[in-house]
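The values are calculated or read from the model by the stated rules, or taken from the named source; none is laboratory data. It should be emphasised that the depicted structure is a prediction, and the values quoted were computed from it without experimental measurement. All Cβ positions, glycine included, derive from the backbone under ideal geometry; neighbour counts span all protein chains shown. Areas reflect the complete protein model, heavy atoms only, side chains present, ligands, DNA and RNA absent. Shrake-Rupley method; radii C 1.70, N 1.55, O 1.52, S 1.80 Å.
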Amino acid sequence: VMGNNPSHFKGEKSLPVDQVSWGDCQEFIKKLREKDKKPYRLPTEAEWEFCCRAGTKTPFHFGETISTDQANYNGNFTYGDGKKGVYREKTTPVGSFPANASGLHDMHGNVWQWCQDWYGDYPQNDVVDPQGAEKGKFRVLRGGSWHNFPENCRSAYRLRYEPGLRSSSFGFRLCFCLD
């Protein structure tokens, strides 16, 4: 779509794109919309978490803890009663780990995923499909990455960075409306 691959990690088939800023994601979406005529976009933070959880209420869609057999993160560290595991030091091909109940792979680890929202405080009351802040300095990323501690891969963990920042830990996931 873009004519180049900005990723730091290359060579293997099906690696997620990395080394992209929020702005790079918007450019990609614009070109993909022009090509496919579909309403692609980044998910909101609330949509991302809903999809990650896939109906669960635990820290990870597969339970209370995480292992490097379930996701790609820094296995030198543990979460809860988990055990140390492999630290691959790079991204892995999409789909290398089991999907959640919604059929989505790599919601925990591999690359942080940019969300559409500006970073802001959560609403103080219960809200269905909350919307992010209307403006701000930082955009939201979710999911953790190959380089992070397992706690950063929790379904509810939020990260924020300036939208122009690129990292070999940053990627994205697209969604589009079926309406």
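Quick notes on this one:
- Excluding ligands, DNA and RNA, the accessible surface per residue across region 20-179 is 55 Å² with a 1.4 Å probe.
- Here the chain is scanned for GluC sites (Glu not before Pro) in DSSP loops (not H, G, I, E, B) that have at most 15 other Cβ atoms within 10 Å, and the longest stretch holding none of them is 13-63.
- If you sort the three axes of the alpha carbon gyration tensor as a ≥ b ≥ c, you get a/c of 1.5 or more for region 1-87 and a/b no higher than b/c, which makes it oblate.
- With every protein chain in place, the chain: carbon and sulfur % of accessible area (1.4 Å): 50
- Positive-end ranking of S21, N74, M2 along the dipole of region 1-79, with charges on Cβ about the Cα centre, is headed by M2.
- Here the ratio of the Cα radius of gyration of region 41-179 to 2.2 N^0.38 Å is 1.02.
- Other residues lying with their Cβ under 10 Å from the Cβ of Y161 contribute a combined charge of +3, Lys and Arg counting +1, Asp and Glu -1.
- Rounded to the nearest 20 debye, dipole of the chain from Cβ charges on Lys, Arg, Asp, Glu: 500
- Pairs beyond 30 Å (Cα-Cα), from K13/K38; K10/K35; K37/K90; K30/K90; K83/K137; K90/K135: K37/K90; K83/K137; K90/K135
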